[in-house]
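Only one structure is covered here, and it is reproduced in the block below.
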Amino acid sequence: MAMSIDDKLGLNRFRADKSYPHITVNQSFTDVKEIERVVMACPAKLYSYENGVIGFNHEGCLECGTCRVLSGGKVVETWNHPQGGMGVEFRHG
Amino acid sequence: MSNEERFDVIVVGAGLAGNTAAYLMAKAGLEVLVIERAETIGGKNVTGGRMYSHSLEKIFPDFAKEAPVERKITKERISFMTGDTATTVEYAADKLGEQGKATYSICRGHFDPWLAGKAEEAGAMYVTGIRVDEVLLQDGKVVGVIAGGEEMFADVVLLADGVNSLLAQQLGMKKELDPHEVAVGVKEIIRLGEEKINDRFGAASSEEGTAWLFAGDVSGGNVGGGFLYTNKDSLSLGIVTTIADIGRVDLAPRDMLERLKAHPTVAPLIKGGETIEYAAHLVTEGGYNMIPTLYRDNVLVAGDAAALVMNLGFTIRGMDLVIESGRLAAETIIAAKEAGDYSAATLSKYKTALDNSFVMKDMKHFSKMPKFIENHRIFEQYPGMMDEIMSELFIMYGQEPVKFKKKAMTAVKKVGIMNLLKDGMNGLGAM
Ligand SMILES: Cc1cc2nc3c(=O)[nH]c(=O)nc-3n(C[C@H](O)[C@H](O)[C@H](O)COP(=O)(O)OP(=O)(O)OC[C@H]3O[C@@H](n4cnc5c(N)ncnc54)[C@H](O)[C@@H]3O)c2cc1C
Ligand code: SF4
């Protein structure tokens, strides 16, 4: 059995910042093809698209920047690094 | 930190570029502040895994004796894969490991703290767990940074903040990355134990390592491929794929990695291994043509932030280039401090030095490579062609003999002889 992405994320060390979502999505964006590309692109599988609603959870973000490069100004409304000391902390990299 | 405190230089980012520069500048007596957003140095940093040592050797001769490198690469492999076959070329040679030319597998979480430690010993000051929110401007002039809500001042700011350099973008020195010029790398660290690695990869000792690239099926025909590096007791296993291609075929980058892990060539090598980390990171691959503005009054850009990375198809090279850029930025700033002048005119020496170094020479030399690599035939059709030729060569079941040349030509014709010639010429041209 292949490992699920959730299992993989569970191996990482994260310091979750509930008060500050460092990435926000544009819910009024409606190009389904583009949204599906972003869903596919995120290595942490943090985006979803169901019943016309874009789901996104910034916790678990690997801070790669793929979603911004692919869809900044479209699906991705704002993108920043998390606050200092927050987010993922790789032990090996 | 009080507002009166003023540094000669603020370095943003404690990666390879930033730490190298910080070390050299501190050693020359400059007051250096390095600001890093990760809580522990290296905590945000990801690489594939292999560092060409020559540029760090210039600064720390014989560093591998002391630094936490994983293994010295003595074996290079490239595989062209279909779903269930692989044609593999191996090059094994002692001279791959010659002093000064050697390459090492490294893990940034282990390596970067060592380099930062050197800079700290030399007198550089580090603050970690603090994000630089923006570059501080007064009357349009760079005077420092705003970090963790505080203003910090310096004569010059060195942006070594990596591929997602929002700060170089803030200053208009760099455009947003173009999805055609950037790839995403997705990677696992798989713990296997030293002995198993030695056995499975034919290493005579835990000092010897393998670098292995995979082309073809892994990326489902998209521009990209897989990589494997042997670390001391773990493997770095991952894929890299161009962002613009995502959605072109129905295969997510995260699933490419699973596909690689399940391939019959790879599966037995990682069997019994335990995944201990999952990471993703961008790598620029636009080459020479995407290098941003490198200097302005009171500010320089180095490392990945300056896109000093080469994707050569058969290998990715960034670390030796970013270290060299850190060194040259440091030399420029040291000279500017002596002259008491941090204007663009003085800092332009950084660009001149880069132009005269192997960094720009190599990047110019390989400037056609990104276009060549964007050709989907390389990823879609050639691995299949290799498979057909090899299976004709090696598989015998009492069938009627057909001349090998004829069999090989059948495989080649599927790709198209003209395409093959054209791609061959372009490939040679790009080299
Ligand atoms: C999957 C993959 C495979 C690769 N394979 C290889 C390889 O085999 N060989 C090779 O030579 N190169 C390889 N590379 C390229 C190489 O890893 C990079 O060129 C190199 O890591 C860049 O170093 P850097 O110091 O410029 O940037 P980074 O290592 O990214 O350092 C930037 C630092 O800045 C910090 N930072 C960023 N923004 C802020 C902020 N606002 N405030 C405070 N701190 C900030 C970050 O946390 C980070 O520590 C690969 C890259 C990837 C992604
Ligand atoms: S930055 Fe990377 S990991 Fe984070 S949400 Fe975007 S694509 Fe996913």
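The values are calculated or read from the model by the stated rules, or taken from the named source; none is laboratory data. Note that the structure is a prediction, hence the values are computed from the model and not measured. All Cβ positions, even for glycine, are placed from backbone atoms using ideal geometry, and neighbour counts span all protein chains on display. Please note that ligands, DNA and RNA were not included when accessible areas were found on the heavy atoms of the full protein model with its side chains. Shrake-Rupley method; radii C 1.70, N 1.55, O 1.52, S 1.80 Å.
Please work out whether region B:180-284 counts as rounded, prolate or oblate from its C-alpha gyration tensor, where a ≥ b ≥ c are the square roots of the eigenvalues and a/c under 1.5 means rounded, while otherwise a/b larger than b/c means prolate and anything else oblate?
Taking the square roots of the gyration eigenvalues as a ≥ b ≥ c, region B:180-284 is prolate.
With a sphere of radius 15 Å drawn around the Cβ of B:MET409, what net charge do the other residues whose Cβ falls strictly inside it have (Lys, Arg +1; Asp, Glu -1)? Please list the in-between numbers first.
On the way: positive: B:LYS403, B:LYS405, B:LYS406, B:LYS407, B:LYS413, B:LYS414; negative: B:GLU388, B:GLU392.
Charge balance near B:MET409 sits at +4.
Where does the charge balance sit around B:GLY48 when Lys and Arg score +1, Asp and Glu -1, over other residues with C-beta under 11 Å from its C-beta? List each step's numbers first, then the result.
Values: positive: B:ARG50, B:ARG108, B:LYS187, B:ARG317; negative: none.
Charge balance in the 11 Å sphere: +4.
So, R0 is 45 Å and r is the distance between the beta-carbons of A:TYR20 and B:ALA339; what FRET efficiency does that work out to, to 0.05?
Numbers: r = 42 Å, r/R0 = 0.94.
E(calc), rounded to 0.05, equals 0.60.
What share of the DSSP beta bridges in chain B is antiparallel, in percent to the nearest 5?
On the way: 56 of 83 bridges.
Of those bridges, close to 65 percent are antiparallel.
Considering only protein heavy atoms, what per residue accessible area in square angstrom results for the protein assembly as shown with a 1.4 angstrom probe? Can you show the working numbers first?
Numbers: 21440 Å² over 524 residues.
On a per-residue basis, 41 Å².
To test your reading of the geometry: what angle, between 0 and 90 degrees and rounded to tens, separates the Cα axis of helix B:108-121 from the longest principal axis of chain B?
In chain B, helix B:108-121 runs at an angle near 30 degrees to the longest axis.
Considering only the other residues whose Cβ falls under 14 Å of the Cβ of B:GLY429, what net charge follows from Lys and Arg at +1 and Asp and Glu at -1?
Values: positive: B:LYS364, B:LYS368, B:LYS371, B:LYS422; negative: B:ASP423.
So the surrounding residues net to +3.
Relative to the longest principal Cα axis of chain B, at what angle does helix B:344-356 sit, 0 to 90 degrees, rounded to 10?
The two axes meet at around 30 degrees.
Mind checking A:58-68 for the average number of partner chain beta-carbons within 10 Å of each residue's beta-carbon? Working shown, then result.
Details: counts 0, 0, 0, 1, 9, 9, 12, 11, 13, 2, 5.
The shielding value for this peptide is 6.
By per-residue mean of other Cβ atoms within 10 Å, what is the highest-first order of B:219-228, B:377-386?
Working: B:219-228: 24.6, B:377-386: 20.4.
In descending order of packing, they fall as B:219-228, B:377-386.
Are there trypsin sites (Lys or Arg not before Pro) in region B:192-301 that DSSP puts in a loop and that have at most 12 other Cβ atoms within 10 Å, and which ones? All intermediate terms of the calculation are to be shown ahead of the outcome.
Details: sites: B:LYS196, B:ARG200, B:LYS232, B:ARG248, B:ARG254, B:ARG259, B:LYS261, B:LYS271, B:ARG296; in loops: B:LYS232, B:ARG248, B:LYS271.
For trypsin sites (Lys or Arg not before Pro) across region B:192-301 that sit outside H, G, I, E and B with at most 12 neighbouring Cβ atoms in 10 Å, the list reads B:LYS271.
State, as an integer percentage, the relative contact order of region A:32-90 based on alpha-carbon contacts under 8 Å between residues 6 or more apart. Provide the component values of the computation, followed by the final result.
Working: 53 pairs, mean separation 17.8, N = 59.
This gives 30 percent for region A:32-90.
How big is chain A on each of its three principal axes, counting only the C-alpha atoms and giving the largest first in Å?
Each principal axis gives a Cα extent; for chain A these are 38, 36, 21 Å.
For peptide A:69-81, what's the mean number of Cβ atoms from other chains within 10 Å of each residue's Cβ?
Working: counts 14, 8, 2, 3, 1, 0, 0, 0, 0, 0, 2, 4, 10.
Across the residues of A:69-81, the mean count of other-chain Cβ atoms within 10 Å is 3.
Can you tell me which lysines have their Cα less than 30 Å from the Cα of A:LYS33? Leave out same-chain residues fewer than eight positions away.
A:LYS8, A:LYS18, A:LYS45, A:LYS74, B:LYS174, B:LYS175, B:LYS187, B:LYS261, B:LYS371
In Å³ and rounded to a whole number, note down the convex hull volume per residue for the Cα atoms of the protein assembly as shown.
Working: hull volume 83.3 nm³, N = 524.
Roughly 159 Å³ of hull volume per residue.
Can you show me the helix-derived [θ] at 222 nm for chain A, built from DSSP H runs with n ≥ 4 at -39,500 (n - 2.57) apiece and divided by the number of residues, rounded to the nearest 500.
Working: 3 runs with 21 residues, N = 93.
Theoretical 222 nm ellipticity from helices: -5500 deg cm²/dmol.
Which one of B:ALA215, B:LEU192, B:ALA252 is farthest out on the positive end of the charge dipole of region B:180-284, using unit charges on Cβ (Lys, Arg +1; Asp, Glu -1) and the Cα centre as origin?
After comparing all options, I get B:ALA252.
When the accessible area of region A:48-93 is split by element with a 1.4 Å probe, what percent falls to carbon and sulfur? Intermediate results must be reported in sequence, preceding the final value.
Details: 740 of 1680 Å².
Reported share for carbon and sulfur atoms: 44 percent.
According to a simple spin-label model (label point 7 Å from Cα along Cα-to-Cβ), what is the distance in nm between B:GLU5 and B:ARG377?
Spacing of the two 7 Å Cα→Cβ label points: 6.0 nm.
Give me the extension gain from B:GLU151 to B:GLN170: residue separation times 0.36 nm, minus the current Cα-Cα distance, reported in nm with one decimal. Don't jump to the answer; show the numbers that get you there.
Details: separation 19, 0.36 × 19 = 6.84 nm, distance 1.65 nm.
Gain on stretching B:GLU151 to B:GLN170: 5.2 nm.
If each residue of separation counts as 0.36 nm, what is the full-extension length gain between B:TYR397 and B:ARG248 once their alpha-carbon separation is subtracted?
Numbers: separation 149, 0.36 × 149 = 53.64 nm, distance 3.87 nm.
Stretched out fully, the B:TYR397 to B:ARG248 stretch lengthens by 49.8 nm.
Answer with one residue from B:TYR229, B:LEU24, B:ALA307: the one whose Cα lies farthest towards the positive end of the charge dipole of the protein assembly as shown, charges on Cβ with Lys, Arg +1 and Asp, Glu -1.
The listed residue farthest towards the positive side: B:TYR229.
Can you give the angle from 0 to 90° between the axis of helix A:32-41 and the longest principal axis of chain A, with both taken from C-alpha atoms, to the nearest 10?
10 degrees
Using a 1.4 Å probe on the protein chains only, how many percent of the accessible area of region B:1-64 belongs to carbon and sulfur?
On the way: 920 of 1950 Å².
Whole-percent figure for carbon plus sulfur exposure: 47.
I'd like the interface area for chains B and A: accessible area of each alone minus the complex, both sides summed, 1.4 Å probe, protein heavy atoms only. What is it in Å² to the nearest 100?
Working: alone 18940 and 6280 Å², together 21440 Å².
By this definition, chains B and A bury close to 3800 Å².
Order of B:306-312, B:53-59 by packing, highest average Cβ count within 10 Å first? Write down the numbers at each step before the final one.
Details: B:306-312: 25.7, B:53-59: 19.3.
Averaged packing, sorted descending, gives the order B:306-312, B:53-59.
Across the residues of B:176-188, average count of Cβ atoms on other protein chains within 10 Å?
Numbers: counts 4, 5, 1, 6, 0, 1, 4, 2, 10, 3, 6, 5, 4.
Taking all residues of B:176-188 together, the mean is 4.
List the lysines whose Cα sits under 24 Å from the Cα of B:LYS27, skipping any in the same chain fewer than 8 residues away.
Excluding near neighbours in sequence, the set is B:LYS58, B:LYS65, B:LYS118, B:LYS337, B:LYS349, B:LYS351.
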